[in-house]
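**Q** Let me begin by handing over the structure; questions about it come next.
Nothing in this text is a laboratory measurement; each read-out follows from the coordinates by a stated rule. These figures come from a predicted structure and were not determined experimentally. Glycine gets a Cβ as well: all are built from the backbone with ideal geometry, and neighbour counts include every protein chain shown.
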Amino acid sequence: MNRMQRLLRKSDILFVCWCMVAAFGTYFCMYAFRKPFNTGIYAGYSIGFLDYKVVLIISQVLGYMVSKFIGIKVIAELKPANRQKLIISLIVFAEISLVLFGTVPAPYNFFCLFLNGLPLGMVWGVIFSYLEGRRFTEVLSMGLSTSLIISSGFLKTIYLQVHSVFPLLSEFWMPAVVGLIFLPFFLLFVWMLSVIPAPTEKDIQARSKRLPMDTQDKKKVWRDYRWGLIGIIIVYALLTMLRDFRDNFSVEVWSELDRGWRPDVFAKTESISGAIVLIAIGCLSAVKKSATAFWCTFGLIFTGLSLSGLSTLFFQLRWLSPFWWMLLLGMGLFLAYIPIQIAIFERLIALFRIKANAGFFVYTCDSIGYMGSVGLLLYKECFDHNHSWTRMLMNFSYLQTTVAIVVLALTALFFYRKEQWRNETATAPAAIIS
């Protein structure tokens, strides 16, 4: 391991490639334990007046949401020595819960997916803790971002292909089988993460040192930046809700849009979206000055929000085909969503030299976002029976775009004033001396 670390320290190119592959592979494999179940239809089952698949999704999202709340503390306070043991334990727990999902009779097995989501919400934070606080953080995180975008689509395709090879496997056992297939690959990529060397002095000078946060650190951050953070949380929550809805019910939406749709459509749309977002994040990472990069990130988020809303409008006007609508909607969502996850807090900490880590901010956002996802699903099941999945997706796309752009503008104004005040404070002593 020490030899590998020495090689990574000697070559920036090798270091960047290694980190990108490790992050991409680990997070892609995590999704193999989280997403394949929602490719199933589960026809003929229900719990009360609720559709059974909706109950399954709500159960897992609730577990994932609780995991995010737990992660606010666990990830913010995580020490480097404990990362490898934690991430492996989380995945093993998730796979055991999928085995229980196949074992316990339906519909009583829905609780097993709550248990499945409970550990998985913390995996992102463990992976990102290996990458943050470095000169190349945005570049290193491109592997993580790409995995987030394309994994769900690819895993849906993989699920359908595995099921065609083993048609006798029930929908309840398929998630455990897919997870088991990816477990050895997951362990390989975790090993790759474990040999990544700690940030160098140059990294610390460029981005500030990332330390575990105690209670006083968290209180200080909220006292100084609460209004800006609340704005980012609202935007991120809206993006999470729409992203999750589009992802969880993409099979149903495509069935409404095109009866002849092919299973590889998921891989196609998400691959193209992933490539575009990858290029955008790559351009963002080339900006060295933290203040410039911080404001460029706001511009990228605004662009993504606008694209998701306009693509829906053009689809409604029949200027876009279903394929291009789903492609551009997803592209817009991820152009806004990914920069919040990997860039805005990374640059915020560097710009204002905050004693914090990105995991604390992202997990605060995630916990609220997934709470909103559950609320949106319950609203659809309880109060919006008349609208199709496609219509629901369109309506929320309009709502998200409108509200998020207004909130984003107010948030930008808050941080602009904060930056101006910081600059004035920094130059005040020099002005007095002169």
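**Q** How about the stretch 21-87: which chymotrypsin sites (Phe, Trp or Tyr not before Pro) there are in a DSSP loop, with at most 12 other Cβ atoms within 10 Å of their Cβ? Don't skip to the answer; put the middle values down first.
**A** Working: sites: PHE24, TYR27, PHE28, TYR31, PHE33, PHE37, TYR42, TYR45, PHE49, TYR52, TYR64, PHE69; in loops: TYR42, TYR45, PHE49.
Listed in order of number, the matching sites are PHE49.
**Q** Name the residue, out of LEU329, LEU239, LEU169, whose mean-square fluctuation peaks in a Gaussian network model built on the chain with Cα pairs under 10 Å.
**A** Comparing LEU329, LEU239, LEU169 in the GNM, the peak value goes to LEU169.
**Q** What ranking do PHE266, PHE114 get, fewest neighbouring Cβ atoms within 10 angstrom at the top?
**A** PHE114, PHE266
**Q** Then there's this: Just to confirm my numbers, what's the Cα centroid distance between the stretch 301-319 and the stretch 394-424 in Å?
**A** 19
**Q** Expected output is a single nm value to one decimal: the length gained when fully extending between LEU413 and TRP324, i.e. 0.36 nm times separation in residues minus the C-alpha distance. What is it?
**A** Full extension of this stretch gives 28.7 nm more.
**Q** Mean-square fluctuation check for the chain, GNM, Cα pairs under 10 Å: which of SER397, SER141, SER290 is largest?
**A** Residue with maximal mean-square fluctuation among SER397, SER141, SER290: SER290.
**Q** Starting from the Cα of ASN2, step 7 Å toward the Cβ, then list every residue of the stretch 64-98 with an amide N under 14 Å from that point.
**A** none
**Q** Shifting gears a bit: Along the charge dipole of the stretch 1-101, which of SER11, SER89, VAL99 sits closest to the positive end, that is, farthest toward it, with unit charges on the beta carbon of Lys, Arg, Asp and Glu (+1, +1, -1, -1)?
**A** About the Cα centre, the residue reaching furthest to the positive side is SER11.
**Q** Would you mind finding the longest exposed-site-free stretch of the chain, with exposed trypsin sites (Lys or Arg not before Pro) meaning DSSP loop and at most 14 other Cβ atoms within 10 Å? Don't skip to the end; give the middle numbers.
**A** Values: sites that count: LYS209, ARG259, LYS288, LYS289, ARG318, ARG353.
Value returned for the longest uninterrupted segment is 1-208.
**Q** What lysines sit close enough to LYS380 to cross-link, taking a C-alpha to C-alpha distance under 27 Å and skipping anything fewer than 8 places away on the same chain?
**A** Once the sequence-local lysines are set aside, what remains near LYS380 is LYS35, LYS53, LYS68, LYS156.
**Q** Jot down the radius of gyration and Dmax of the chain, Cα atoms only, both in angstrom.
**A** 21.6, 83
**Q** Moving on. Can you pull the one-decimal nm distance between simple spin-label points at ILE272 and LEU399, each 7 Å off the Cα toward Cβ?
**A** Distance between label points: 2.8 nm.
**Q** Which helices, taking whole DSSP H runs in the chain, have alpha carbons extending 24 angstrom or more along the helix axis plus mean Kyte-Doolittle at least -0.5?
**A** Helices meeting the span and hydropathy rule in the chain are 12-34, 52-74, 83-103, 137-165, 174-194, 215-248, 265-285, 290-316, 322-339, 358-383, 389-433.
**Q** For ALA286 and THR200, compute 0.36 nm times the residue count separating them, minus their Cα-Cα distance, and round to one decimal in nm.
**A** Taking 0.36 nm per residue and subtracting the Cα distance, the gain is 29.1 nm.
**Q** For the stretch 351-425, which chymotrypsin sites (Phe, Trp or Tyr not before Pro) are in a loop by DSSP, counting at most 16 other Cβ atoms within 10 Å?
**A** Counting only loop positions with at most 16 other Cβ atoms within 10 Å, none of the chymotrypsin sites (Phe, Trp or Tyr not before Pro) in the stretch 351-425 qualifies.
**Q** Continuing with the same structure: Using 0.36 nm per residue, how much length does the chain from CYS17 to ALA81 gain when fully extended, once their Cα-Cα distance is taken away? Write out the running numbers ahead of the final one.
**A** Values: separation 64, 0.36 × 64 = 23.04 nm, distance 2.32 nm.
Full extension of this stretch gives 20.7 nm more.
**Q** With a cut-off of 18 Å, note down the residues of the stretch 347-362 whose backbone N falls inside the zone around a label point 7 Å from the Cα of ARG226 toward its beta carbon.
**A** 361
**Q** Please build a GNM for the chain, connecting alpha carbons under 10 Å apart, and tell me which residue among GLN216, GLN60, GLN161 fluctuates the most.
**A** Looking only at GLN216, GLN60, GLN161, the biggest GNM fluctuation is shown by GLN216.
**Q** OK, next. Calculate the length of the line joining the C-alpha centroid of the stretch 235-261 to that of the stretch 158-192, in whole Å.
**A** 23
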